[in-house]
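Have a look at the structure below, then the notes.
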Amino acid sequence: MNNQVSDSLIYAAMTLPEDAPEDLELVLQELGAGDNRFGGTSYGRGECDLRTFLLECRNAENPAKIPASLVPQSTYWLVDDGNRVIGMVRVRLRLNERLLQYGGHIGYYVRESHRGKGHGKQALRLGLAQLRGLGVSRALLTVNPANTPSKLVVMANGGVPDGQGVDPVSGETVDQFWIEL
């Protein structure tokens, strides 16, 4: 079995489960309610079926279809050359006050079975390329202070530490990094 990752992300444009990459349901179930500050999904928490979740991903891009307290985001899947999902990337073109403290422009998740193989670096690199292509010149990433592997991924992609932020809702502290695009 070849575990090479393709050099692009699959955009979550699909709205039908049959259009989804292989293993997507399993990955979403593994992620569940979240992992290392990467928020889970409504599907992973058992709140909806896959079709509804995929529609939520599409709707999250449209400001008219999300609550005013949120910003639009695009969801991408990191897949290997066999169309198996290795991870997930969420990209936000702009930030609100909360995301400036806690969340940033990009969130990425790599399946536990694929960690330590460079996939996190690639997922972030590809997410940064999406932002760059949309005209963003500087990206904010936030990382749990105890998540050393993620901090190394961010720094390997040019992240420069810039203090800490605090989630105004939970009070959780995160390390902040800026990456020039």
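The values are calculated or read from the model by the stated rules, or taken from the named source; none is laboratory data. Predicted model only: the values in this text are computed from it and were never measured. We place every Cβ from the backbone using ideal geometry, glycine too, and count neighbours over all the protein chains shown.
Odds and ends about this structure:
- Filtered residues of the range 101-133 (kept if within 13 Å of the chain's Cα centre (by Cα), more than 17 Å from PRO149 (Cα to Cα) and of a type in the set (A, V, I, L, M)): LEU126, LEU128, LEU131
- Any pair with Cβ under 9 angstrom, 6 or more apart, that starts in the range 126-139 at a residue that is without any contact (Cβ under 8 Å) to a residue 40 or more places away in the chain and assigned to a helix (DSSP H, G or I) and ends at one that is surrounded by 13 or more Cβ atoms within 10 Å (Cβ to Cβ) and among the aliphatic types (A, V, I, L, M): ALA129/LEU9; ALA129/LEU181
- Subset of the range 101-119 [surrounded by 15 or more Cβ atoms within 10 Å (Cβ to Cβ) and part of a helix (DSSP H, G or I)]: GLN101, HIS114, HIS119
- Residues of the range 140-163 satisfying the condition of being surrounded by fewer than 14 Cβ atoms within 10 Å (Cβ to Cβ) and either in a strand (DSSP E or B) or among the basic types (Lys, Arg) (or both): VAL160, PRO161, ASP162, GLY163
- Of all the listed residues (ARG92, ARG98, ARG138), the sole one being within 18 Å of TYR76 (Cα to Cα) and either of a type outside the set (Val, Ile, Thr) or within 17 Å of the chain's Cα centre (by Cα) (or both) is ARG92.
- Residue check, ARG94 at pLDDT 90 or above and assigned to a helix (DSSP H, G or I): no
- Checking VAL79, VAL91, VAL85 one by one, the residue that is buried (at least 19 other Cβ atoms within 10 Å of the Cβ), touching an Asp or Glu at 6+ places or on another chain (Cβ under 6 Å) and touching a residue at least 12 places away in the same chain (Cβ under 8 Å) is VAL85 and no other.
- A single member of VAL136, VAL154 is under 22 Å from ASN96 (Cβ atoms), in contact with a Phe, Trp or Tyr (Cβ under 7 Å, 6 or more places away or on another chain) and modelled with pLDDT of 95 or more, and it is VAL154.
- Cβ-Cβ distances below 8 Å connect the following pairs, each with a first residue in the range 44-56 that is at negative phi and among the basic types (Lys, Arg), a second residue that is surrounded by 13 or more Cβ atoms within 10 Å (Cβ to Cβ) and part of a helix (DSSP H, G or I), and a separation of six or more residues or different chains: ARG51/PRO17.
- Checking ASP81 against (1) over 21 Å from ASN144 (Cα atoms); (2) touching a Ser or Thr at 6+ places or on another chain (Cβ under 6 Å); (3) at pLDDT 85 or above, the condition it does not meet: (3)
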